[in-house]
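What follows is a single structure, written as structure tokens, with notes after it.
The values are calculated or read from the model by the stated rules, or taken from the named source; none is laboratory data. Note that the structure is a prediction, hence the values are computed from the model and not measured. Note that each Cβ is placed from the backbone with ideal geometry, even for glycine, and that neighbours are counted across all protein chains shown. Calculation scope for accessible area: heavy atoms of the full protein, side chains included, ligands and nucleic acids excluded. Shrake-Rupley method; radii C 1.70, N 1.55, O 1.52, S 1.80 Å.
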Amino acid sequence: MSDPAAADPSLEKARALAAAGQWRLTWRRFRRHRLAVVCGVVILMFYSVVAFAEFFAVSDATRPSAQLSLIPPQEIHWFDNGAWSPHVYRVVRKRDANMQLVYTPDPAAKIQVSFFARGFEWRLFGVFPTDRHLIGVSGADAGKTLFLLGTDVQGRDLWSRMVFATRASLTVGLIGVTLSLTLGVLLGGISGLYGGVVDDTIQRVIEVVRSVPTIPLWMGLAAAVPRDWSVTQVYFAITIIISLVSWTELARVVRGRFLALREEDFIVSAELDGCSKLRIIFAHMVPSFLSHIIAVTTLTLPVMVLSETALSFLGLGLRPPAISWGVLLQAAQNVQAVAITPWLLFPAVPVIVAVLAFNFFGDGLRDAADPYARA
Amino acid sequence: MLPYLARRLMLAVMTCVFISIATFTIIQLPPGDYITSYVANMAASGSTMTNQEAEVLRRQYGLDEPMPVQYLRWMALVVQGDFGRSMEWNRPVYDVIGERMLLTFVVSAAAVLTTWLLALPIGIYTAVRQHSVADYVFTLLGFIGLAVPSFLIALVLMYLGFRYLGTSVGGLFSPAYAEAPWSWARVGDLAWHLPLPALILGLGSTAQVMRVMRANLLDELRKPYLVTALARGMPMWRAILKYPVRVALNPFVSTVGYILPYVVSGSVIVSLVLGLPTVGPVLFKSLVAQDLFLAGTIVLMLGVLTVVGTFLSDLLLIAIDPRIRLGGSR
Amino acid sequence: MHGPDRVIPAMSMDAERPAESLLRVKGLRTHIDVPGGVLRVLDGIDIEVGCARTVCIVGESGCGKSITARSILRLVPSPLRMVGGEILLRGRDGVEVDMARLDPYGKQMRSIRGRDIGMIFQEPMTALSPVHTIGNQMAEAIHLHEKVSRKEARERSIQMLHRVGLPKPAERLDAYSFQLSGGMRQRAMIAMALVCGPPLLIADEPTTALDVTTQAQILDLMRELRADTGMSILFITHDLGVVAEMADEVVVMYLGLVVERGPVAQVFHDPRHPYTRALLRSNPRHGGGAGRRLEAIAGGVPDLLNRPIGCPFHNRCAEAIPGTCDRLDPEPVALGGGHSARCWIADRPPALAGVPSTAPRAAAQIIVSPPVSATAPPILEIDRLSIHFAQRRGFLRRAMAPVRAVNALSLAVLPGETLGLVGESGCGKTTTGRCIIRTLDPTGGSIRFRQDDGSMLDVTHLPGSALKSYRRQVRMIFQDPYSSLDPRMTVADIVGEPLKVNGIAKGSELQDRVAALVRQVGLRDEHLRRYPHAFSGGERQRIGIARALSVNPKMVICDEAVSALDVSVQAQILNLLRDLQDELGLTYLFIAHDLSVVRHICDRVAVMYAGGIVELGETRQVFEAPRHPYTSALLSAAPVFDPQERAGRQRVILAGEVPDPAHLPSGCPFHPRCQHADGAQCTNEAPALLPRATAQSDGMPPNWTACHYANTLTLPAIDGQPPGSS
């Protein structure tokens, strides 16, 4: 209790810690999970791709070109005769003896690759027109192409398609989580707060929803989305379908927290202090499980991403011309095709990386969420 | 005890009814019906069908009646053990999915078994040796297992098999046995093909079960009763297996019942990729084609399986956990 | 049950000191690695346990008592590790084995556990497997060490359960731990530990989780078993009363060190370490009656991370010598007769003595509590209050008989007094408190509170806004200093919350008032910006008190407000409560199970049993001349504080346990356990709480007693004053 030497750095630190609020304590604990922090950065990177997809894309991802069908990835050569000069080789299109199309790189024809290159025009935040891209080939000569990850059957650049797919796949998760969070917190909160018949009813509904097998339910609902709906309509329909099931888990967590908190002494004492019901909920109860809810939410996101991918993969989720990771993976359904054009499996990589990152991040967050847990 | 069981049973039945209604509604949701898509398909392949012909077909399947009537009529059949006719296959539903159901069950059971055989020992080991290298390695693997959807694993394995072995690794039978009647040789062929799909299906839940087991056991390992047992002179591992592991396993017993239907429904996508002759591909096609009774039957069966499974596992839990059986502590 | 007469008189122990010791622990060190260093949890512990002797290890929480026990059995939980020392155990063949050198999980160590050393723990509920029967675990203990048939193991288990006084042992063998009551569980635990007849029993706080009457039963049982079997006991406890009851020798621990050791009488009567002295003197039992200010030890037990340099106790020690104690760690000083203390001034006769001190204490401030005017109208009147709960229990949610927590309880609280509400767990005292503050609704009866204008406010049917203003006048202090403060708010916010939400103060006025409150409870301004996690238990309780007082209440309900605290901190808080009462003229309703605390702080006491008051009166009167058999039994079950007294006293040991509030006995709820019950009137007719004059009541108002025979019974009391102070 006595702290005489104000200069003592350890005491200084202890004093700072003593005056540290919940979020600072959480942040301190979270920082100790190195992996979680790294994953947080990865997630940030993913969402910057979502925000500036056009910047990261090399070419328009929607325009098909029969001439460029199924070109293998072009490797970037960073040095030319020891000097820094990133370039790719031009691909030459030939038919072999079996009349099969083959592409061979021509080391003689070098195409210069540059960063912040000019390309197709787009609008930053939908407002400011620009034609800068992270990477591109100098000049828009038809013969000069850059296919970092090859092309698909219709001759579209897979890298650019994956960049745009990120936008759809990761926002479906966000919107879905928001939906199920709203539903879950609302119903879970009502259930935990009022108890009695209301609680019983909501619990029964949750029980029933959970006992319906998830994937057939999704498939049924997704199959029910009319074929003639627009891309946007389908997008929202799928989002709603995915969040239909996951809200139950959130509702369960919120209810449990409410019930447990109601019995806590500091909540009782807030009531005795004369706090109104609203103040007890929003000034005392919500802050004490908010961090936990955030962590659970982070762990729900990857489930959403996987669900969308799975549904689209089956052809029941987003449909072309919409682009998502699942839609891209549809092209890889046929093993024989994949055996010849293995780069079509690339879209699996961002799925796995994103889901892993979300999981590690959420796990670290959950561990740090309650800095007051008495071990 | 009895009133409780009766209550649970009634709830289970009610849930089943709800599921059947939900199923029926969902399948009917898209505009049009089976005949609409049938006509569209015929038009696509060049032939035509007049409206009168379509109406005749509709009447024949009872599709012209209001939905509640269709539902009740179907339920009346189901209760008698007749699941109706598949329009797409033009055969009784039972004939279409009979063998597939059995195979689905075999594959799923093998997957659950794989999960437990892998996950429980690893979970126990990583909990007891918390913070060891093995713990970190398995935790990392577990996370990766959680992150990679099983259909992607299936896809990659298929690709690798095709690329390096030159064969298709999918399916449950060699081509020679695919359509053959049941024989011991066919069972042997099945056993030969079973491990791969079982492993792929099992891996997904392995990560989850492992993590839950580890967390449960870590809680139990902190309880004083383990120290008491050690203070009696029990060897470490024997004490751990007899006391905390026994307690930590209880929650899994309660999942025994519903994990199977869960795996069955999860297997739908993997079955499609691997080309397994299970209900998965049939369900997919029937949903797309609005093959009402076929899809309805499959979803209903999965739902009922879940409900019955949950009920049975609750019973099992009561049987093995004296705290629940004998009225709980305060 | 046997009385304590078989206990070897402590004073004569030098002569009878056994030639050989059973267990000798030398320089035991157990450490824990933390980022940036090593914490010395045990820093060289020496303990010697002679054959057939009881050695008590005593100390406040965090001093390393339990770790000592676990280290001896080589069962330290990771990340703790034993790093040095010898643990010499004399085996059955007379050869000493150094257990510190054995593989902790090897065969030899395993054969020692259970066979040579038995161990029992604090929480019998969690120390027994929830999914295995008692018999299963007992048989396992036998089979591990002896080759016997299953049938024989079962028979021996039954015998052992019978020996520890478990009724119907053959049935209980097949029961699970949760089917037994707390006392039964601890008996079963003891039976399990002793079934292989170990010469040494290590008991780690075996009675801490039990009620005082059950504790008395278990302590008696342990004494009896020791006398019968000649085993030794290493008894770990934080309760000096239990030490006085049980010990032949005492080991006092502080921050992982033995600071004083010696024969119990010497340590109690002539303590040479300032910590031992302070520990003894801060105990409310030491002071005896109410009115005296306790001598608290400054501060709290420091965190091991901030272990002081030099003598670990110097920063709390009133007698520390500057320049010596804060620099150099003293070595133990032998004082003769096995008595030693680790202090620079151990060989100097202390200025302040231990327990019996005939000289009037200069430091002991006598506080005259404000006279409670018997004529002043009560501030709170409770009339025939009943609180029942419908209940569904367990996983199956079976409907059970309603719990009748409080039954027709009537009580009046006088302004300015401290009224103690005392009883064992489950007697309904906390429920009553919660109902007065209206976090629970009464099933029947009324609670009325006197307003400033003298009118009585019916609390039982208050609507929201009126309830809010009522709760400004009656406040509550909670038991658990950890869960009762919102961890997400600063001290300033917590203390200011009632002022803010009631619209009493805001802005700079709010800040000033909060700062004044915080100073009033002994905290400093710089603490205002800190969060609860930065405070120790005692400091948190101060914050809770400041919050309670922020709205100038008239009455405060203290619900076990000091029972979660260490004894030295408890004394600080009790003193603070008393000071605040004098300053602010508060009325306290003091709910507690600890009789010594109640006796120390309360003006009047109400003793509760099974949801009703069985006795009510002036504190001295109730403690010295109880009129209800339950009060008398409760008082005699409490441990004495003087080791010399334990041999001669008379004890009422209650059979059985507190009744289940869902199935209360008919008539007088105490009759099944009462040795004076007549079998007719007591069984059929519930006695009313009436004033019953006694011969002893010299001028004092008579105790109110709910007993048909209160006027005729002669009941033993505990003696009036502690030795020496009368």
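Within straight-line reach of C:K168, meaning a Cα separation under 21 Å, sit the following lysines at least 8 residues removed in sequence or on another chain: C:K151. Put simply, the Cα atoms of chain C extend 80, 69, 54 Å along their principal axes, the longest span coming first.
Measuring how big chain A is from its alpha-carbon positions, Rg and Dmax come out at 26.4, 90 Å. Rg over Rh for segment A:161-368 works out to 1.07, using Cα positions for both radii and the Kirkwood form for Rh.
Chain A contacts chain B over a buried accessible area of about 3400 Å², both sides summed; the probe is 1.4 Å and only protein chains count.
Output the residues of segment A:241-265 meeting this criterion: accessible area (heavy atoms, 1.4 Å probe) in the chain alone minus accessible area with all protein chains in place is 40 Å² or greater. So the qualifying set is A:D265. A helix-only calculation puts the protein assembly as shown at -15000 deg cm²/dmol for mean residue ellipticity at 222 nm, using -39500 (n - 2.57) for each DSSP H run of at least four residues, averaged over all residues.
As an equivalent ellipsoid, segment B:258-330 spans semi-axes of 36, 13, 7 angstrom, where each value is the square root of five times an eigenvalue of the C-alpha gyration tensor, largest first.
When only alpha carbons are used to place a centre, segment C:167-212 and segment C:422-465 end up 39 Å from one another. All distinct Cα pairs of segment C:427-519 go into the 1/r average, and the inverse of that average, the Kirkwood radius, is 15.4 Å.
When the convex hull of its Cα atoms is viewed from all sides, segment A:19-164 shows a mean projected area of 13.8 nm².
Can you tell me the convex hull volume per residue for chain B, based on C-alpha atoms, in Å³ to the nearest whole number? Display every interim value, and only then the final one.
Values: hull volume 65.7 nm³, N = 330.
Residue-normalised Cα hull volume stands at 199 Å³.
Based on alpha-carbon atoms, the Kirkwood radius and the radius of gyration of segment C:52-107 give Rg/Rh equal to 1.00.
Of all DSSP bridge pairs formed entirely within chain C, close to 65 percent run antiparallel.
More than 23 Å apart: what percent of Cα pairs in segment B:180-297 qualify?
55 percent
Report, in degrees rounded to the nearest 10, the 0 to 90 angle that the Cα long axis of helix A:214-223 makes with the longest principal axis of chain A. Taking Cα atoms only, the helix is inclined about 50 degrees. Phi angles across segment A:20-37 convert, under the Karplus curve 6.51 cos²θ - 1.76 cosθ + 1.60 with θ = phi - 60°, into 3J(HN,Hα) values of 7, x, 4, 5, 5, 5, 4, 4, 4, 5, 5, 4, 5, 7, 4, 4, 5, 5 Hz, Gly and Pro given as x.
For segment B:98-290, the calculated P(r), taken from all Cα-Cα distances in 10 Å bins from zero up to the bin holding the longest distance, is 9, 30, 29, 19, 10, 3, 0 percent.
To the nearest 0.05, what FRET efficiency results for A:A51 and C:K107 with a Förster distance of 60 Å applied to their C-beta separation?
Numbers: r = 65 Å, r/R0 = 1.08.
The computed FRET efficiency comes out at 0.40.
Taken along its principal axes, the alpha carbon cloud of segment A:139-270 reaches lengths of 75, 36, 21 Å, longest axis first. With the cut-off at under 18 Å, measuring from each backbone N in segment B:47-67 to a point 7 Å along the Cα-to-Cβ line of B:A40 picks out B:47-51, B:54-55, B:58. Amide H of C:G445: which non-local residues (sequence gap of 5 or more, or other chain) have their own amide H closer than 5 Å, using H built in the peptide plane? For C:G445, the qualifying residues are C:S386.
Residues of segment B:283-330 whose accessible area (probe 1.4 Å, heavy atoms of protein chains only) drops by at least 40 Å² once all protein chains are present, relative to their chain alone: B:F284, B:L287, B:P322, B:R323, B:I324, B:L326, B:G327, B:S329, B:R330.
Burial here means at least 50 square angstrom less accessible surface with every protein chain in place than with the chain by itself, probed at 1.4 Å; in segment C:121-153 the buried residues are C:F121, C:T126, C:P130, C:V131, C:H132, C:E140, C:L144. Computed from Cα atoms, the angle from the helix A:158-194 axis to the main principal axis of chain A rounds to 20 degrees. Solvent-accessible area lost on pairing A with C (1.4 Å probe, both sides summed) amounts to about 2700 Å².
Average projection, convex hull of the Cα set of the protein assembly as shown: 66.8 square nanometres. Computed from backbone phi with θ = phi - 60° and the Karplus coefficients 6.51, -1.76 and 1.60, the 3J(HN,Hα) list for segment C:667-682 is x, 6, x, 8, 4, x, 9, 8, 7, 9, 4, 8, x, 10, 5, 5 Hz; x is used for glycine and proline. Averaged over residues, the count of other Cβ atoms within 10 Å places the peptides C:321-329, C:193-201, C:35-43 in the sequence C:193-201, C:35-43, C:321-329, highest first. Modelled spin-label separation between A:Y194 and B:V308, with each label point placed 7 Å from Cα along the Cα-to-Cβ direction: 3.7 nm. Counted over the protein assembly as shown, the DSSP beta bridges are approximately 70% antiparallel. Note that segment C:37-80 carries a Kirkwood radius of 11.9 Å, evaluated over its alpha carbons pair by pair.
Could you work out the mean projected area of the convex hull around the alpha carbons of segment C:108-199, in square nanometres to one decimal? All intermediate terms of the calculation are to be shown ahead of the outcome.
Numbers: hull surface 22.3 nm².
Approximately 5.6 nm², given one-decimal rounding.
For chain C, the solvent-accessible area with a 1.4 angstrom probe is 38 square angstrom per residue.
How big a patch of accessible area, both sides summed and in Å² to the nearest 100, lies buried between C and B at a 1.4 Å probe? Walk me through the numbers on the way to the answer.
Working: alone 30300 and 18630 Å², together 45870 Å².
Chains C and B together bury roughly 3100 Å² of accessible area.
For Cα pairs less than 8 Å apart in space and 6+ apart in sequence, what is the mean separation divided by the residue count of chain A, i.e. the relative contact order in percent? Don't jump to the answer; show the numbers that get you there.
Details: 535 pairs, mean separation 75.7, N = 375.
Worked out over chain A, it gives 20 percent.
For the Cα trace of segment C:570-670, dividing Rg by the Kirkwood Rh returns an Rg/Rh value of 1.01. Working from Cα pairs under 8 Å separated by at least six residues, relative contact order for chain C is 13 percent.
Mind grabbing the base-10 log of I(q)/I(0) for segment B:59-159 at q = 0.10, 0.17 Å⁻¹? Debye formula, identical points on the C-alpha positions, no solvent, two decimal places. Debye intensities relative to I(0), on a log10 scale: -0.59, -0.91.
Considering only protein heavy atoms and a 1.4 Å probe, what is the carbon-and-sulfur percentage of the accessible area of the protein assembly as shown? The computed percentage sits at 59.
To the nearest µm²/s, what D does Stokes-Einstein give for segment B:56-114 at 10 °C and 1.306 mPa s, using the Kirkwood radius over alpha carbon pairs as Rh? So the translational diffusion coefficient is about 118 µm²/s.
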